[in-house]
């Protein structure tokens, strides 16, 4: 017998595998392929206080071993989410983590307060890669002070454990991780996408209308693993590792580096069964290596 249960700030997951925000909607489309109850958690697409239209098209471009996207966090807003998506997710035996986005602290808090008494919601994931419109459009996640301040504000209003999703577009990821921990974060998720650009040389213009986009996929995995490892040495709160996971071997790399759980993102676009294949692959790895408890693997590479 093996145990794949992990604990994130008091929330027990049946296994450490979840899906990355923005790559899975709220699960409805993927439920046609497999039972969502097999996942440790479903992480929803970012939810704002009002509907966001997102960026103009084209918004996605393929890159070597990855993808650039500038969707712009398009979402229908908290009202539609609470009425449509939460009842759907309530039918599955999996934890629900809601990703929250906003352009100001007040916008984040409006969503956090709306979700405070929703029993379906197990945790909140705060997307701090959003531009802070009150600070000249600089992303919340690129300033240690802003990270600590937004974390404190959310923690003061949230009833669920709070995950802060860190941006890799910084000089020192551990500085941001420590700031989130100082602000009271219960958990970290990392990494979000890396800023990149692609130019169409035949049309001699940008491949996506926003000019820059977020790079995800296997190309960023070595960067993500390094950042997870560094952060695991710097903080005491659990980490959800993500960035280019396509198979169980990739996920295990994150666990060994110090992540307590992992998220599958871009790979689901190519193969919708990826997350469940990672679940079964981890179990096979544990059996092969005679590991009874998955927690015995977490952070053992020093």
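Annotation: the antiparallel percentage among DSSP beta bridges lying fully within region 6-296 is about 40. Under a Gaussian network description of the chain, with springs only between Cα atoms under 10 Å, the residue in 243, 258, 25 that fluctuates furthest is 25. Can you compute the label reach from residue 270? Point 7 Å from Cα along the Cβ direction, backbone N cut-off under 19 Å, restricted to region 60-82. Within reach of a label on residue 270, which here means backbone N under 19 Å from a point 7 Å along Cα→Cβ, region 60-82 contributes 60-70.
So for region 172-302, considering every pair of alpha-carbon atoms, how many percent are separated by more than 17 Å?
Pairs farther apart than 17 Å: 62 percent.
Its relative contact order, with pairs defined as Cα atoms under 8 Å and 6+ residues apart, puts the chain at 20 percent. Remark: region 93-153 projects, on average over all directions, an area of 4.1 nm² (convex hull of Cα atoms). Kirkwood radius and radius of gyration were both taken over the C-alpha atoms of region 248-302, and their ratio Rg/Rh is 0.99.
Solvent-free Debye calculation, one equal scatterer per alpha-carbon of region 31-102: log10 I(q)/I(0) at 0.11, 0.15, 0.22 Å⁻¹ equals -0.37, -0.65, -1.02. In the chain, helical runs assigned H by DSSP with n ≥ 4 each contribute -39500 (n - 2.57); averaged across all residues and rounded to the nearest 500, the mean residue ellipticity at 222 nm is -8000 deg cm²/dmol.
For the chain, dividing the convex hull volume of the Cα atoms by the residue count gives 126 Å³ per residue.
Values in this text are rule-based calculations from the coordinates and carry no lab data. Quick caveat: nothing in here was measured; it's all calculated off a predicted structure. Because the Cβ atoms are built from the backbone with ideal geometry, glycine has one as well, and the counts that use them run over all protein chains shown.
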